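Q: Next up is a structure, given as structure tokens.
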Amino acid sequence: MDSRSSTDDDLETSLRNHAVPHHDKKHIKQFWTEKSLSLLLTKDGILKELQRYQDANPAYCNRRTVLALASTIFEHHRKVFAILVLLEKGRLILDVMEEVKDIDLPLHTLAGDTKHNMYRVSPQTSGSVLVQCLSGPSSGWTTCLREAFSKYQHQVSPEFLDLESDGRTPKHKTFHDDAVLPFMHETEKEHGGYGTVSQVEVHPDCHGFHNLLDSILTNDNFALKQLTNGEIEAFEREVKALKRFNGFDHRHMVTLLMSWTLEKRYYLLFPLAKCDLARHWENEPLPTSEPKKTLWMSKQVVGIASALEHIHDPPSNSQVTDNLPVPTNQYGRHGDLKPENILLYDSPDDAGGILVVADLGLAKINSILSRSQADANAHFTPRYKPPECNILDAKVTRLYDIWTFGCIILEWVCWMFEGNSVRSQFNSSLFAPFPHGSEADMYFDMLPVAGTIDYDVIVKPKVHQKFEDLHASGHCTQFFHDLLLLAEDEMIVVRSSDRSSSKVVHQKLNAMYARMGRDLDYYTKSCKPTQLGKARSPLRAKLQPLPAREKSTKRL
């Protein structure tokens, strides 16, 4: 706020000097926070403005009336008065206050009314009541002035972004089309498959998200996601998943702060991360092999595994959208775990930061009866999807996430040992023709069986070779041997029934991290492997037909 005292200027000048520039310079331009209005429109400030009117026109009202008028405006009409002052119509407060109080804002217009006559909502009938003092030729208010009033009434009442009163449940609001969101800056949007994400800076006086989470550092910058498909079902599904699984219940899960609907578009607000895991790898293309990096990696892998277990089997004290405990017959699946959906936040507890599982747009909340249903129409990220997504009548279960997590672990160790360029080269080497006629960089292959319509489903040999190369690396300690063996033998496994559950994976990773605390050599001393991944027979299966919507877009 400008350090100059508001007593140096008339009220209009003070208001304009203390306006907050809005990021939308074309349509909104500026707004005033509740705090700035309370500092400017004090009883004394209002009284001085009224006395200016009285000095210019002694017949305006007498001294006693001015004192009472200032008190009434302060109690019930501060925003109305601010609007009039900005319109250079402050003297009309005597007329306007007879019909409009701050609690009546925003006034509204009726559809098709080209004169922009203004109405308030009757508290008795909830019907529209014409504001006479702002309407008609005799009022002195033109259509242009009424339009300006309508605009200012939102600028002096920017939306306050906050959680529900319990301090942990994301609030949802449906905003007026002309609502002013208190965004001072907004970066260019990044587009993804399910929405666009931008960085917004919210005025500190217009949100209640200060020092909200113990595990991550937050400020006035946030990530704003807009769903692109405009479907209320997709929006409600994502909000439901994000309310169920959040950072208040688990430190390694993203926290939805608030959601809203504006002009039939759907928005989600999150704390702003430094970057995602993929970008973290890109930012450090040649990581140094340091014990503290290995410790940090192990700690974060345990955290991600714990988050998956939390999604797969929510504890009974987790909260659902109606604030009731999670029923024991419900479980979840993330459905799109990948490096881009794991976010890195600054943390007060760890100089390296904390990784958080995010983007639950594909998360499925299912009951026991549906947890093993085939899902031929599901959306997946091709590289990390498991074989069951392309096998006829295969069940897509929670073990889907175990496969994808195993792929991430393999890439992570590849980055640690060989750098980001080698990791990228490995991913590129996985591109190969797929039975549908396209090329894909998936971790598995489907080989046609001669004389039949069947396929043998296998983990690609290049994946097994990468595991062997990493085991043979001079950087490989016993911790990494154990980590790679877990990923190859219990996670990246073609038969989903042979994969370990998230609970088992979490337990084993946690045991590795615990061993680090009592055995320095375990993660600092390189050694040769005592065991390599076990060989598995192919899975004989039939190919899932390509959905009609993909047949016309496949890569030939």
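The values are calculated or read from the model by the stated rules, or taken from the named source; none is laboratory data. Please read these numbers as outputs of a predicted model, since none were measured by experiment. We place every Cβ from the backbone using ideal geometry, glycine too, and count neighbours over all the protein chains shown.
Q: Counting only residues that are buried (at least 17 other Cβ atoms within 10 Å of the Cβ) and of a type in the set (Gly, Ala, Ser), which one in region 149-178 is nearest to Ala82 (Cα to Cα)?
A: By that ranking, first place goes to Ser157.
Q: How many residues does region 240-285 hold that are farther than 22 Å from Asn221 by Cβ and not assigned by TED's automatic domain parsing to the domain that holds Pro339? First the steps, then the outcome.
A: Residues of region 240-285 that are farther than 22 Å from Asn221 by Cβ, as a first pass: 240-241, 243-245, 249-250, 261, 263-264, 281, 284-285.
So of that shortlist, the ones also not assigned by TED's automatic domain parsing to the domain that holds Pro339 come out as 240-241, 243-245, 249-250, 261, 263-264.
Going through region 240-285 one residue at a time, the tally reaches 10.
Q: Kindly provide the set of residues from region 180-218 that are of a type in the set (D, E, K, R) and within 28 Å of Gly352 (Cα to Cα), ordered by number. Even if it seems obvious, please write down each step before you answer.
A: Initially, region 180-218 is screened for residues of a type in the set (D, E, K, R), giving 186, 188-190, 201, 205, 214.
Matches in region 180-218: Glu186, Glu188, Lys189, Glu190, Glu201, Asp214.
Q: Here is a follow-up. Among the residues of region 417-436, which ones are at pLDDT below 95 and among the small types (Gly, Ala, Ser)?
A: Ala432
Q: Follow-up. I need a count of the residues in region 496-523 that are farther than 18 Å from Ala307 by Cβ and surrounded by fewer than 16 Cβ atoms within 10 Å (Cβ to Cβ). Walk me through how you get there before you give the answer.
A: Step one: of region 496-523, the residues farther than 18 Å from Ala307 by Cβ are 496-498, 514-523.
Retained after the next criterion (residues that are surrounded by fewer than 16 Cβ atoms within 10 Å (Cβ to Cβ)): 497-498, 514-515, 517-521.
Within region 496-523, residues that are farther than 18 Å from Ala307 by Cβ and surrounded by fewer than 16 Cβ atoms within 10 Å (Cβ to Cβ) number 9.
Conditions tested, residue by residue: (1) under 23 Å from Ile402 (Cβ atoms); (2) touching a residue at least 40 places away in the same chain (Cβ under 8 Å).
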site	(1), (2)
Gly437	no, yes
Gln465	yes, no
Glu468	yes, yes
Ser501	yes, yes
His506	yes, yes
Tyr522	no, yes
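Q: Let me ask you something else. Only residues that are hydrophobic (A, V, I, L, M, F, W, C) and out of contact with any Leu (no Cβ under 8 Å at 6 or more places or on another chain): list them for region 74-106, please.
A: Initial filter on region 74-106 (hydrophobic (A, V, I, L, M, F, W, C)): 74, 80-87, 92-94, 96-97, 100, 103, 105.
Selection gives Ile83, Met97, Ile103, Leu105.
Q: Pull up region 18-28, narrow it to residues that are over 26 Å from the mean Cα position of the chain (by Cα) and surrounded by 15 or more Cβ atoms within 10 Å (Cβ to Cβ), then point me to the one that is nearest to Pro158 (Cα to Cα).
A: Looking only at region 18-28, we keep the residues that are over 26 Å from the mean Cα position of the chain (by Cα), and these are 18-19, 26.
From the residues that got through so far, the ones that are surrounded by 15 or more Cβ atoms within 10 Å (Cβ to Cβ) too are 18-19.
Working: His18: 14, Ala19: 12 Å.
Looking at residues that are over 26 Å from the mean Cα position of the chain (by Cα) and surrounded by 15 or more Cβ atoms within 10 Å (Cβ to Cβ), I get Ala19.
Q: Still on this structure, please answer the following. Show me the helices (runs of 4 or more DSSP H) entirely contained within region 440-518 in which 1 or more residues are among the β-branched types (Val, Ile, Thr).
A: Values: elements: 461-471, 478-490, 502-516.
Fully inside region 440-518 and qualifying: 461-471, 502-516.
Q: Residue check: is Asp166 of a type in the set (Asp, Glu) and under 25 Å from Ile73 (Cα atoms)? First the steps, then the outcome.
A: Values: of a type in the set (Asp, Glu): yes; under 25 Å from Ile73 (Cα atoms): no.
Against the criterion (of a type in the set (Asp, Glu) and under 25 Å from Ile73 (Cα atoms)), Asp166 does not qualify.
Q: Also, quick follow-up: Considering every residue within region 104-112, establish whether at least one is free of Cβ contacts under 8 Å to residues at least 60 places away in the same chain, closer than 30 Å to Ser14 by Cβ and assigned to a helix (DSSP H, G or I). Steps first, please.
A: To start, the set of residues in region 104-112 that are free of Cβ contacts under 8 Å to residues at least 60 places away in the same chain comprises 104-105, 107-112.
Checking which are closer than 30 Å to Ser14 by Cβ leaves us with 104-105, 107-109.
Restricting the remaining residues to those that are assigned to a helix (DSSP H, G or I) gives 104.
Looking for residues that are free of Cβ contacts under 8 Å to residues at least 60 places away in the same chain, closer than 30 Å to Ser14 by Cβ and assigned to a helix (DSSP H, G or I), one finds at least one in region 104-112, hence yes.
Q: Please go through region 179-192 and give me each residue that is out of contact with any strand residue (DSSP E or B) (no Cβ under 6 Å at 6 or more places or on another chain) and surrounded by 14 or more Cβ atoms within 10 Å (Cβ to Cβ), ordered by number. Show your work before the answer.
A: Of the residues in region 179-192, the ones out of contact with any strand residue (DSSP E or B) (no Cβ under 6 Å at 6 or more places or on another chain) are 179, 181, 188, 191-192.
Listed by number, the residues that qualify are Ala179, Leu181, Gly192.
Q: Can Thr196 be described as modelled with pLDDT under 90, part of a loop (DSSP other than H, G, I, E, B) and β-branched (Val, Ile, Thr)?
A: On the way: modelled with pLDDT under 90: yes; part of a loop (DSSP other than H, G, I, E, B): no; β-branched (Val, Ile, Thr): yes.
Taking the combined requirement at face value, the residue does not satisfy it.
Q: Applying the selection to region 179-191, what residues are part of a loop (DSSP other than H, G, I, E, B) and either modelled with pLDDT under 95 or of a type in the set (Phe, Trp, Tyr) (or both)?
A: Applying the first criterion (part of a loop (DSSP other than H, G, I, E, B)) to region 179-191 yields 179-182, 187-189.
Residues satisfying the conditions are Thr187, Glu188, Lys189.
Q: Filter region 140-182 for residues that are among the polar types (S, T, N, Q) and in contact (Cβ under 8 Å) with a residue 12 or more places away in the chain and give the result.
A: Kept after step one, since they are among the polar types (S, T, N, Q), are these residues of region 140-182: 142-143, 150, 153, 155, 157, 165, 169, 174.
If the condition is that a residue be among the polar types (S, T, N, Q) and in contact (Cβ under 8 Å) with a residue 12 or more places away in the chain, then Thr143, Ser150, Gln153, Gln155, Ser157, Thr169, Thr174 are the ones that fit.
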